[in-house]
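See structure below.
Throughout, read-outs are computed from the coordinates displayed, never taken from laboratory work. Note that the coordinates shown come from a computational prediction; the quantities given were computed from them, not determined experimentally. In this analysis, Cβ positions are derived from the backbone assuming ideal geometry, glycine residues included, and neighbour counts consider all displayed protein chains.
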Amino acid sequence: MRTPAAVLCGLGTSLPERSVSNARLIEERDLDSDERWILERTGIAARRLADSRTSTGDLARAAGQAALDSAAELAGAPVRPDLVLLATTTPDHHCPATAPQVAHRLGLDGVPALDLSAACAGFVYATAFAQGLVTSGLYERPLVVGAETYSTTLIDPRDRDTAILFGDGAGAVLVRAGTPDEPGALIAQHLGSDGSRAGLIQVPAGGSRLPRGTPGTEPRDHYFRMNGRAVYAHAVRRMTDSARHALKNTGWSPDDVDAFISHQANQRIIDAVGDRLGIAPSCRHGNLRQLGNTAAASIPLALADTALRRRVDPGARTLITGFGGGLAWGAQTLRFPEARPHSYPPHTHHDNGEALR
């Protein structure tokens, strides 16, 4: 019997309504920065920021429903997931996990659901796990969501080194069993980590290593910190190497790649990885300029944006790569999906929870 492939059959997104330009961010937070410097240094012109009532779970629920409606449109019938995987570093609570609540709000009571934390590499990890579960036959239709609210949970609003980078949002894909030659089929993946470099991207306090109230800790120790120069070097090297492994496992050369979608962290990183791999600028796709770094949500948001703008044909040979704290990284090859992305605004947990339409 032929081993099934995992196929992306639904694409969904959810973004906060408020878009904040570089100039507005500098003005509102009194940052010692310049809008042109931010754009030239990062490639970011604006980002979406959640309000205080919108949680990661709210964004995840809306993106998940959008992905289900996208899949139903393609299949011509409603589709029910049998697993929910939520990639996030900003869950609604330390305990319990956010994924079960997302599943409940999607009307999926009884379906297994769990959070997965691999920082900005979370979506690559989650889809790799979904692929393994589908090809092994354990599950047939995992819903994979990447969702983050860094701006309201982890970022010091007055830290110019991080406040300018991050935005909020969620992207989701529905995965089903299929064949390796159809649009959306995941082909090969490569994952890696290096815990010896954990301090390069870190929220120092608030966990069990340095619990809240530990003598010697300060309020800023509960905010996200990053060694930008060192992270740049590791991100470029690790994403490039991981992408080469995934290409080799697929039997593709860089010249075979029709579409390259990287974690949307920084335009200089994206360009450096693309240049090292030898992938033409015309094949590189993303939405960093409008959305900033949305961490685990960035790849599914960029994938959906590319599909919505019809920049890539269904079935096109696609390479994805991501990098984040841990350190953790990964890459995947796939055939570009044919599903039309759907998008919904986030509805807060105080809403009645009815399915979004």
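Report the Stokes-Einstein translational diffusion coefficient (µm² s⁻¹, integer) for the chain, Rh taken as the Kirkwood radius over Cα pairs, at 25 °C with viscosity 0.890 mPa s.
Stokes-Einstein gives a translational diffusion coefficient of 122 µm²/s.
Rounded to whole Å, give me the distance from the Cα center of region 41-105 to that of region 245-264.
Answer, in whole Å: 27.
Per-residue HN-Hα couplings for region 26-35, Karplus 6.51 cos²θ - 1.76 cosθ + 1.60 at θ = phi - 60°, whole Hz, x for Gly and Pro?
These are the phi-based 3J(HN,Hα) values: 4, 5, 5, 10, 6, 7, 7, 7, 9, 4 Hz.
Taking H placed 1.01 Å from N in the peptide plane, check which residues at least 5 places from residue 113 or on another chain put their amide H under 5 Å from its amide H.
For residue 113, the qualifying residues are 84.
Using amide H atoms built in the peptide plane, which far-off residues or other-chain residues are under 5 Å from residue 10 H to H?
174
Could you go through region 258-267 in sequence order and give the Karplus-derived ³J(HN,Hα) for each residue, using 6.51 cos²θ - 1.76 cosθ + 1.60 with θ = phi - 60°, rounded to whole Hz, and x for Gly and Pro?
Taking θ as phi minus 60°, the curve returns 8, 9, 10, 10, 9, 3, 8, 9, 6, 4 Hz for region 258-267.
Output wanted: per-residue J couplings in Hz (rounded whole) for region 183-191, from phi through Karplus 6.51 cos²θ - 1.76 cosθ + 1.60, θ = phi - 60°, x for Gly and Pro.
Once θ is set to phi - 60°, the couplings for region 183-191 become x, x, 5, 7, 10, 9, 8, 9, 10 Hz.
Under a plain spin-label model, where a point goes 7 Å from the Cα along Cα-to-Cβ, how far apart in nm are residue 17 and residue 230?
So the label points at residue 17 and residue 230 sit 4.3 nm apart.
Please order 218, 148 by the number of other Cβ within 10 Å, starting at the fewest.
Numbers: 218 9, 148 32.
Ranking 218, 148 by Cβ neighbours within 10 Å, fewest first, gives 218, 148.
Can you put 19, 242, 196 in order, fewest other beta carbons within 10 Å first?
Details: 19 15, 242 24, 196 8.
By the 10 Å Cβ count, ascending, the order reads 196, 19, 242.
Antiparallel versus total DSSP beta bridges in region 1-352: what percent is that, nearest 5?
Antiparallel bridges make up about 65 percent of those DSSP assigns within region 1-352.
Mind telling me which of 65, 101, 189 comes out most flexible in a GNM of the chain, alpha-carbon contacts under 10 Å?
Answer for the Gaussian network model of the chain: 101.
Can you give the FRET efficiency for residue 94 and residue 196, using 1/(1 + (r/R0)^6), R0 = 35 Å, r = Cβ-Cβ distance, to the nearest 0.05?
In this case the efficiency is close to 0.85.
In nanometres, what is the gap between the two model label sites at residue 276 and residue 114, each 7 Å from Cα along Cα-to-Cβ?
3.1 nm
In region 4-77, which GluC sites (Glu not before Pro) fall in coil by DSSP and have 14 or fewer other Cβ atoms within 10 Å?
Numbers: sites: 17, 27, 28, 35, 40, 73; in loops: 17.
Within region 4-77, the qualifying GluC sites (Glu not before Pro) (loop, at most 14 other Cβ atoms within 10 Å) are 17.
Can you pull the three principal axis extents for the Cα set of region 93-222, in Å, largest first?
55, 32, 27
I need the trypsin sites (Lys or Arg not before Pro) found in region 72-169, filtered to DSSP loop residues with at most 16 other beta carbons within 10 Å of theirs.
On the way: sites: 105, 158, 160; in loops: 158.
Taking region 72-169 and a limit of 16 other Cβ atoms within 10 Å, the loop trypsin sites (Lys or Arg not before Pro) found are 158.
Using DSSP to define loop residues, name the trypsin sites (Lys or Arg not before Pro) in region 1-62 whose beta-carbon has at most 12 other beta-carbon atoms within 10 Å.
2, 53
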